[in-house]
Amino acid sequence: MRYHATVTHGTEERLSSLLRDHARDELAALAVETYGGELYGFLVHVVGEPVGAADVFVQMIEDLWRALPGVGDDCSVRTWLYRLAYQASMQHRCSPWSPTVPAGSPAPPWVAMARTMTASWRTDADDRWVELRRELSPEDRALLVLRVDRDLAWHDIAQVMQSESPGDADAVTREAAHLRQRFGVLEDQLRVRARAAGLR
């Protein structure tokens, strides 16, 4: 499912302003409202099933809230959110969890927003393509969604998927070249699998 850019310049400016001001609750709520659908859809593909993806989505929003003091301006808000989502999905892969609000603490409004959004999300993608993607590793599924469905530039994809901090420009450039090469191999593999499954 390809997401076209529908976010207004004013919304992007508002997100950036909230980020600079470390306005945690407002930023988390606006991020869920603006990018929640596409981020959760990304996580469904990477995690492989909706329930686990919903847990990771809520954890990602919590990570966003906690990360604000250390966030720089080396990438867009959207790219930064995808980086948080990807990191949360990799952590969940190693050690699955279900995020919970501490006892006696009211859930922030953005947690309710996130849970409502994940409960109503659906995809109309061809089930055979979904199954074909599910055979890939989570990293390859992430790469495929970011490039094909989300149409991110290679530089942005490198910032999302880089294991270390994306602040080193040379490291980002090297990672972008590596991912572009990896994507070419992945495309060839998918063509072969698609023909074998009667999808081409």
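Across the range 134-200, the fraction of Cα-Cα pairs farther apart than 13 Å, rounded to a whole number, is 65%. Each of Met90, Met161 has some number of other Cβ atoms within 10 Å of its Cβ, and from fewest to most they run Met90, Met161.
This ranking places Thr11, Thr34 by how few other beta-carbon atoms lie within 10 Å of each, fewest first, which gives Thr11, Thr34.
Readers should treat all values here as calculations from the given coordinates under stated rules, not as data from a laboratory. For clarity, every value in this text was computed on a predicted model and none was experimentally measured. Glycine also receives a Cβ, built like all others from the backbone with ideal geometry; neighbour counts cover every protein chain displayed.
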